[in-house]
Every structure is written in C-alpha cells, then in structure tokens.
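Down below is the structure, laid out as structure tokens.
The values are calculated or read from the model by the stated rules, or taken from the named source; none is laboratory data. These numbers come from a predicted model, not from an experiment. Backbone-built Cβ (ideal geometry, glycine too); neighbour counts: all protein chains shown.
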Amino acid sequence: MTNKQNIAIFLPVHSRIETLDFVFKSLYANFELMNEYNIHLYILDNSINNYVSEYINSKFIVNYSLTIINFKVLINYDKLSPVLFWYTEILNHHLNYDYFLLHGDDDIMEKESLFNRIIEISSNKSHMLISRSIGTYYYEQGYFYAHPLVPQRRFIINQLQPRNLLDFTFIGNFLYKSDPLIIATIKYSIDQLKNITIDIDDNSRFAMLPALICMNSINNNLNIKMTNNIYTIRCTLLKEYINNYSGTEYWNNAYLELVFFINIIKPQYNNIDNINIYRRVCKNNIYKNILFTNIINNKMLIYVYFLLIKSMGLKYMTFELYYFIIYFLKGSFSVIKKYLLRNKILKYNFVQFTFNEVFNAHKHN
C-alpha cells in the first residue's frame, strides 16, 4: 500500500481508569497488525478535574510503545455533555482521517478486528459498518468474571439471532467512513437534538445521538453495512454490575426519549421500522429498568408499549403482553439477584478468567 490510510480511534473516558489497562492491551494488539495504516488514538477526557489525563500521560506512555500510533488527550474544557463532546471532537478532526470509530473505556477490541473492519467497510464501499459484540465480562482487580458459557455465545449470536437494522445500541459496534454524507448526518442529528422540545437535561438529550445518527443515515439511504462478525467484547466493572439496580439506565432512558422524539417528527422517518424500535426499547427498559423510581420514565415506558401494540394491531396484543411479562420477570429477578449478591446472601456463579484467556477465547476468525 503506497498511500497509507488514516484511522482515528476515539476512546471516551469518564471515571473508569482501572479498566484502561486491558483496553490498551487489546488496542495495542490491534495496532501491531496495522503497519500499513496511520493510527491516531484520541483519549476523550470527561473526568472531573481531568485526573484521567494525568493517569493516561503517566501510565500509558510508560507501559506502551507509541512508535506505531499517534496519541493525544482531548479534555472537555467546555463541560459539554459527554456524548456531545465525543461527536464534537469527531467533527473537529474528521478531515484528517479516512475512517473513525468510538471504543468503550471498559471493552476489549478483538485481535485483528480493527484490520478486518477496515477491510469489510472498504470492500463494501459503505458509509458505516455496524458489527456485533459479545459478553458480558465483569472485571475486578486484574481478573474477569463471567458465566461459564459466555465464551461459547458466539455461535448462538451468529446462528440464531438474525441481524436487525435497528441493532445499534452500543457505540463500540460502529465504524464510520469519513465521508461528507456521514459528517453532514452527524451535524444534522446534533442540530435536531439541540432543537428538541422535550424538557430533558443535556446528558439525556445527547445520549440519543448515536442511535439518531444511525436512524438518519438509514432514512437518507446511506450505504450501511450490517455484519454478523463480532469485533468487540463487552466488559464492565464487577462493582458497577452489583451496585446498579437497573442496568444501563442512562442509555435505556435515552432510547425511551428517542421514541418520543421520532414520534414528534415521524413523517421524516419513512424508512424506519418503528415496530422494531418500540420492541427494542420495551425489551431494554422492561428488563433492565423495571424498578425505576422515576415516575416519568415509567409513564414513557407504558406509552411506548402501547405504541407497539397500536403499530402491530390488536391481533398481536397477546404476543406482546407475553413479551412484556417475560421481560418483567427477568428484570425483577435480576434486581433481586443483585440485592442478594450485594449483601453476600448469594454467592457468585461466575468463572474467573485472565485477560489472555478472554482475548484468545474470542479471537476473530
């Protein structure tokens, strides 16, 4: 390759500095295979008092060779909402790159996945590649914990779960081409959310942005490539899993709010399958947020559920009611289980893994 392509990786970090060591290990393993590309890693520091930047500049530079990548810490001096800060920095730097992606501060990038993603998006001449992830592993003091069957889930995901064009709930699954159409879509989506009439704070408002960018891309007939390939391993801190009653409440709230938003401007979204959006939102929120104390969110969830019933017709009501009950029971069980784990009434049924065991078990093939 005579002219090296330029790739930017944006790594948002808020407070999880203890997970960064294994994140860097996985990134560095990918960078070693990318000699034919110019790689630039941006650390997006959303922390209070910028302590993440201090940690990164001391430990990362000491422990990892920077000869094969460019590296820079970007600090959120303007205190923008985290997601808006991510995409603002993408807009500020996109002209220097052919492709860019976001990667979570507590997730593992599978070995060879960066290279394979670039090959996949370029061969299909796509504006966006949406891949899949697997997990979840829970991290504590240098070890990963998970159900014994988690490493075998790859076959189930690939064979039994068909791709849904609306399966875009995880930022680590996106790879973007730095194309004028994508950039215009990001700008347009930001402007839409800035002008939204729903009375919500900026953190919640812009948490809708990744999904809205995807929806606008679909609706504008951009070339989006969906792949069954799994390129990211989902991880989180064990203490976050145990102490968070309602799962990823922040992101699930955003999808509830997004349903309100797309109903306000519904005529613009002729190419979007609203039924699948409603079902996905119901599933996530019923399962993970069933014991919300926020009454507004509960009202929103009921509203979305009835939108789903209305869209599918009365003959499907029995099926959706069954669906609702199943996820209500699963969510309730999850909350009870976390309570028992937190109070040491119930013991973990997790298996312990090292980083290499996790990394090698899921190596892309």
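Kindly provide the set of residues from segment 21-38 that are of a type in the set (A, V, I, L, M, F, W, C), modelled with pLDDT of 85 or more and within 16 Å of R117 (Cα to Cα), ordered by number.
L27, A29, F31, listed by residue number.
Tally up the residues in segment 331-350 that are of a type outside the set (S, T, Y), in contact (Cβ under 8 Å) with a residue 24 or more places away in the chain and assigned to a helix (DSSP H, G or I), please. Spell out how you get there, then give the answer.
Taking segment 331-350 first, the residues of a type outside the set (S, T, Y) are 331, 333, 335-338, 340-347, 349-350.
After this cut, where a residue has to be in contact (Cβ under 8 Å) with a residue 24 or more places away in the chain as well, the list is 331, 335, 338, 341-342, 349-350.
Retained after the next criterion (residues that are assigned to a helix (DSSP H, G or I)): 331, 335, 338, 341-342.
Looking only at that region, the number is 5.
Do we find a residue being at pLDDT 85 or above, farther than 21 Å from V150 by Cβ, crowded, with 17+ Cβ neighbours inside 10 Å and not basic (K, R) anywhere in segment 196-209? Outline the logic, then answer.
Initially, segment 196-209 is screened for residues at pLDDT 85 or above, giving 206, 209.
Restricting the remaining residues to those that are farther than 21 Å from V150 by Cβ gives 206, 209.
Retained after the next criterion (residues that are crowded, with 17+ Cβ neighbours inside 10 Å): 206, 209.
Restricting the remaining residues to those that are not basic (K, R) gives 206, 209.
Taking every residue of segment 196-209 in turn, at least one turns out to be at pLDDT 85 or above, farther than 21 Å from V150 by Cβ, crowded, with 17+ Cβ neighbours inside 10 Å and not basic (K, R).
Just checking, how many residues over segment 113-138 are out of contact with any Leu (no Cβ under 6 Å at 6 or more places or on another chain) and either part of a loop (DSSP other than H, G, I, E, B) or among the aliphatic types (A, V, I, L, M) (or both)?
9
With the requirement that a residue be of a type outside the set (A, V, I, L, M), surrounded by fewer than 19 Cβ atoms within 10 Å (Cβ to Cβ) and modelled with pLDDT of 90 or more, what does segment 117-140 give you?
E120, S122, S123, K125, E140
Mind listing just one residue for me: the one in segment 19-59 that is hydroxyl-bearing (S, T, Y) and under 20 Å from Y77 (Cβ atoms) and, of those, nearest to the chain's Cα centre (by Cα)?
Applying the filter and picking the extreme gives Y42.
Show the residue pairs that are 6+ apart or on different chains and have beta-carbon atoms under 7 Å apart, the first residue being within segment 214-226 and under 12 Å from L181 (Cβ atoms), the second being at pLDDT below 85.
If the second residue must be at pLDDT below 85, the pairs left are I224/I218.
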